[in-house]
Structure formats: C-alpha cells, structure tokens
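Q: The following block contains the structure, expressed as structure tokens.
Derivation of every value follows stated rules applied to the coordinates shown; laboratory data play no part. Computed from a predicted model, the values in this text were never measured in an experiment. Here Cβ is always computed from backbone atoms with ideal geometry, including for glycine, and neighbour counts include all displayed protein chains.
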Amino acid sequence: MKKIVFLLLYMTLTLSASEINIAVAANVSYAIEELKAAFEKRHPEIKVGVTLGSSGKLTAQIMHGAPYGLFMSANMSYPKALEQKKMTLSKPQVYAKGTLAYFSLQERDFKDPLALLRSAQITRIAIANPKTAPYGKAAKEALQNAKVYTLLKPKFIYGESIAQTVSYAVTAADIGIIAKSALFGQQMQHFKEGRHWSAVDPTLYSAIDQGVVLLKYGEDQEAYRDFYTFIFSREAEAIFQKYGYITP
C-alpha cells in the first residue's frame with residue numbers, strides 16, 4: 001500500500017513539474033547559477049534550463065524560432081528589437097545595470113589604467129566584439145571618450161561574448177576590459193582590486209541597462225512569468241548586487 005501511495009505521489013509531482021528554457025547574456029553567467037538555485041528553492045516544481053551567449057546572437061536565434069520563453073539581455077536594444085517584431089509578451093524592463101573593469105592575470109599598477117593600456121608592456125587587450133556584445137560596445141565608447149581608442153585598436157583581441165573575452169584576458173591577452181560581474185565569480189574572487197583589476201571610469205560610457213523580456217514561445221507556461229517576477233524580487237536584487245551589478 002505504501003508503495004502505491006508513493007508511486008501516486010511521485011506521478012503527481014512529475015506531472016505537475018515543468019521545465020523552462022531561458023536565454024541569458026554571457027555576462028550574467030557568473031550570477032545565473034545562484035539565481036537559479038534561489039528560484040528553484042522557491043519553486044521546486046520548476047526546473048530552469050539556461051542557454052548562454054552574446055545578446056546579439058541570442059536575439060538572432062530567437063528571431064529564427066529558438067525555444068526560449070524569457071530573454072535576459074546585456075542591454076535594452078535587443079529586447080526592444082524583439083518587441084518591435086511582436087515576439088514578446090512584456091515590455092522590456094531593466095533588471096540590472098552592468099559595469100566595466102580592467103583585468104589582468106598578472107599584478108600591475110592600476111593607478112592610471114589608461115596609461116597602462118598605452119604602455120609598451122601591454123601588447124594585447126581583450127575586448128568583447130562591439131557589434132554583438134553590449135559590453136564591447138560600452139568598452140569601445142569608454143576608450144573613444146578617453147581619446148585612446150584609435151591608438152589602442154591594433155592591440156585588440158575580440159571575444160564574441162563577454163565570457164569569451166574573460167577567457168582571452170586569462171589566456172591570450174595582457175589585459176582585458178570585462179564585465180565587473182565576472183570578478184565576483186568563484187574562479188575570479190581571489191584577484192585583488194588595485195593589483196589585478198580596476199573599475200573603468202563610469203563617466204566614460206553610457207549606463208549598461210540590462211533588459212529582460214517575456215517571449216511568446218512561453219506564453220502557455222506560467223512558470224516563465226514566475227521566473228520573470230522573481231528577477232525583480234529583493235532576493236534576486238541582492239544576488240545581482242553581490243556580483244557587482246547596480247540594481248534599478
């Protein structure tokens with residue numbers, strides 16, 4: 001009898017469980033596991049599948065029918081483009097504001113980061129592709145406003161996403177311009193501000209408003225709305241702040 005009751009309970013839980021697939025900008029990869037864990041603790045009946053990538057490439061996938069019900073972009077322009085195509089269920093909303101940092105695997109003098117970038121000791125600078133990655137666009141804007149972009153351009157190694165740019169900064173470049181959030185991930189926490197990294201002057205680039213939007217693919221699943229609501233909760237806000245984001 002106990003076995004039958006257990007089997008019926010298991011079947012009920014299985015039938016009531018749901019799985020959602022969300023598209024997430026690469027810069028959020030350092031925070032998304034903690035966000036998932038917190039959400040699934042609140043909603044044990046829902047499992048969250050995540051696809052990471054540059055916002056531009058994820059947007060292209062969505063436009064070609066990729067099965068995502070929610071999109072967490074690295075800026076607002078891509079969710080707005082999807083809204084214009086009538087592929088969304090909600091208005092794009094800012095869930096966090098991203099910031100930039102200079103990062104070096106080796107210890108360096110970051111008292112004057114721009115002078116450091118210009119110096120002969122820096123021959124390769126990792127930067128996200130400005131055409132597909134909002135953090136790359138922000139990095140380009142910062143360097144242009146600092147009047148050093150043209151001078152430094154021959155040193156650039158481009159990553160297709162901010163996650164790939166972090167990888168290049170660690171393996172193939174002398175320094176990288178990365179999402180500050182990356183420095184709070186488990187593998188990067190031991191690097192010290194002022195010795196391995198320094199924040200990019202926020203007055204040099206426009207605020208990186210990161211936008212989230214519900215997509216029509218998930219219109220029949222309430223679980224997507226649950227995750228969307230969670231993104232704006234105080235618990236999620238605290239997680240974003242932990243990873244170096246500014247919350248709206």
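Q: Please figure out what share of the DSSP beta bridges in the chain is antiparallel and state it in percent, rounded to the nearest 5.
A: The answer is about 45 percent antiparallel.
Q: Taking 18 Å as the cut-off for C-alpha to C-alpha distance, list the pairs among Lys47/Lys180; Lys97/Lys131; Lys111/Lys192; Lys192/Lys242; Lys41/Lys180 that go past it.
A: Violating the 18 Å Cα-Cα cut-off are Lys47/Lys180; Lys97/Lys131; Lys41/Lys180.
Q: While we're here: Could you calculate the contour length gain from Glu107 to Glu237, that is, 0.36 nm times the residue separation minus the distance between their Cα atoms, to one decimal place in nm?
A: Here the segment from Glu107 to Glu237 would lengthen by 43.6 nm.
Q: What FRET efficiency would be calculated for the residue pair Lys41, Ser167, taking the C-beta separation as r and a Förster radius of 30 Å, to the nearest 0.05?
A: The formula returns an efficiency of 0.50 here.
Q: Another question, then. Among 221-228, 32-39, 142-149, how do they line up by average Cβ neighbours within 10 Å per residue, starting with the highest?
A: 221-228, 32-39, 142-149
Q: Still on this structure, please answer the following. Please give the charge dipole size of the stretch 98-204, origin at the Cα centre, charges +1 on K and R Cβ atoms and -1 on D and E Cβ atoms. Round to the nearest 20 debye.
A: 220
Q: If the cut-off is 16 Å between C-alpha atoms, which aspartates and glutamates fall inside it for Lys147, apart from same-chain ones fewer than 8 positions away?
A: Within reach: Asp112, Asp201.
Q: Let me know the shape class of the stretch 98-204, please: from the alpha-carbon gyration tensor, a ≥ b ≥ c as square roots of the eigenvalues, rounded when a/c is under 1.5, otherwise prolate if a/b is greater than b/c, or oblate.
A: rounded
Q: Also: How far apart, in nm, are the 7 Å Cα→Cβ label points at Ile157 and Asp226?
A: The two pseudo-label positions are separated by 4.3 nm.
Q: Express in % the proportion of alpha carbon pairs of the chain at distances exceeding 34 Å.
A: 23
Q: DSSP beta bridges in the stretch 100-224, what fraction antiparallel, as a percent rounded to 5?
A: Beta bridges within the stretch 100-224, antiparallel portion: roughly 45 percent.
Q: Where does the chain land at 222 nm, in deg cm²/dmol rounded to the nearest 500, when only DSSP H runs of n ≥ 4 count, each adding -39500 (n - 2.57), divided by all residues?
A: The helix-only estimate for the chain comes to -11500 deg cm²/dmol at 222 nm.
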